[in-house]
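**Q** Okay, handing you the structure first.
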Amino acid sequence: MNFQRVVIKVGSALVAPDKQGCSGQYLLSIARFITQCHQAGKEVILVSSGSVAAGRALIRHGSPNPSIPTKQAMAAVGQMKMMANWQRFFDVPCSQLLITHGDLKDRQRYINIKNTIRILLANGVIPIVNENDTVATEELKVGDNDNLAAQVALVSEADCLLILSDVDGLYRENPKDNPNAEKLTDVAQITSAIYQMASGTSNHIATGGMQTKIQAAEKATENGIATYILSGEDAQALEQFAQGVNAGTHFHAQQAPFKAKKHWLKHTLKSTGRVLLDAGAIKAVTQKGASLLPSGITSIDGRFAAGDSIDIIDVTSQSVIAKGISQYSYRDLAKIIGQNSNQIATILGYCPSKVAVHRDDMVILQSAINSEINTDSETDSKTVTTAKTTTPVVNQISRKEE
């Protein structure tokens, strides 16, 4: 298993194969695979369809294609059944995250989702994500949870996306029409020719087809996330995948996940503000891999919101040493700079994060690294009284509070 954090999308055809309620027919082998991942030290996030199918038998309807309000009612009652069905397969706790694409587009909600997933994984909890169908409208159309899974892979910073459904990969032709159709085991790059091989779904309960799976794969691979389409009906396919054998279609990542995010932070996001750091914080950030704490910030400049990109400045040289995504708006950050992280809740009345910029949301600029190397070489034979009195305090707080 050549990944560290995987998002597994499970289609409704696997959760409710008879289209009338939840079943363990296919989920048992999927749960066994997830347990194997945990035992190997891997982190797993589930994106599970099936709430509409789980509640279908409990809501009266007279059509094979229920209306949007009817689907929303089915989802409302079915979501609880679906979650209970998943939990029974695991000894570790599961958590429920109901989100929409609107949540992922909003800066503040996006960063809240990221922080929640980060903390759940750190505590050994399995996040189970689903579309919030009871309030969604457009999101209930074709492509719902395939594309949602790709977005979750991005927000959770996964390095692998595994799409499980009732198909075992991408074929040059529809295998239902041509039993001898050739399956593609490897796709180096997603092109228009790849899209032409896709077809929609005939399942009235499902909300996606092969086309939406390719869309999801394209979103993920462009951001350095390897993507696979596998049959969730075939327990052996998952067993083979656990052993490093691809039994489906592998869409190759276009670049390494770290390189993709580093490039995004450095070149794509436009900074809307600046924070200036003292010497101790600079050393903790550039040399120790620590997150940026409010205690290390001396001042801020600009009007930015939580989730915006900001420049991180050396207060002495006034040079940009890093870029990162702020956990706080400029108004809130101004109230807590120079303060211990344990005081944030007292000062603001809430504490979404103990750090101003998390180390996973920060890119250190090469010029800062070179500067630190030169500074260290120049001071090797000198007394570093200032560093001894300031740096250890910042580093200790960084390690303790992250």
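The values are calculated or read from the model by the stated rules, or taken from the named source; none is laboratory data. In this text, all values refer to a predicted model and were calculated from it rather than measured experimentally. All Cβ positions, glycine included, derive from the backbone under ideal geometry; neighbour counts span all protein chains shown.
**Q** Which of the residues belonging to segment 237-278 are outside any helix (DSSP H, G or I) and among the basic types (Lys, Arg)?
**A** Hits for segment 237-278 are LYS270, ARG274.
**Q** Could I ask something else about it? Got a sec? Which of LYS335, LYS266 is modelled with pLDDT under 90 and either over 24 Å from ASP103 (Cβ atoms) or not assigned by TED's automatic domain parsing to the domain that holds ASN223 (or both)?
**A** It is LYS266.
**Q** Separate question: Kindly provide the set of residues from segment 207-236 that are of a type in the set (Val, Ile, Thr), farther than 14 Å from VAL152 by Cα and assigned to a loop (DSSP other than H, G, I, E, B), ordered by number.
**A** Matches in segment 207-236: THR207 only.
**Q** Looking at LEU28, LEU14, LEU104, LEU97, which is the one that is among the aliphatic types (A, V, I, L, M) and either assigned to a loop (DSSP other than H, G, I, E, B) or exposed (fewer than 15 other Cβ atoms within 10 Å of the Cβ) (or both)?
**A** LEU28
**Q** Any residue at all in segment 279-290 that's in the same structural domain as SER326 (by TED's automatic domain parsing), among the aliphatic types (A, V, I, L, M) and in a loop (DSSP other than H, G, I, E, B)?
**A** Yes: one or more hits.
The rows are residues; the columns are (1) surrounded by 19 or more Cβ atoms within 10 Å (Cβ to Cβ); (2) under 17 Å from TYR110 (Cα atoms).
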site: PRO294; (1), (2): yes, no
site: VAL320; (1), (2): no, no
site: TYR330; (1), (2): yes, no
site: ASN342; (1), (2): no, no
site: PRO352; (1), (2): no, yes
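**Q** Continuing with the same structure: Answer yes or no: is there a residue in segment 135-153 that is without any contact (Cβ under 8 Å) to a residue 40 or more places away in the chain, farther than 30 Å from SER329 by Cα, assigned by TED's automatic domain parsing to the domain that holds ALA13 and surrounded by fewer than 17 Cβ atoms within 10 Å (Cβ to Cβ).
**A** yes
**Q** Still on this structure, I have one more. For the condition within 27 Å of GLN254 (Cα to Cα), among the small types (Gly, Ala, Ser) and in contact with a His (Cβ under 8 Å, 6 or more places away or on another chain), what is the one hit in ALA188, ALA158, ALA153?
**A** From the options ALA188, ALA158, ALA153, the qualifying one is ALA188.
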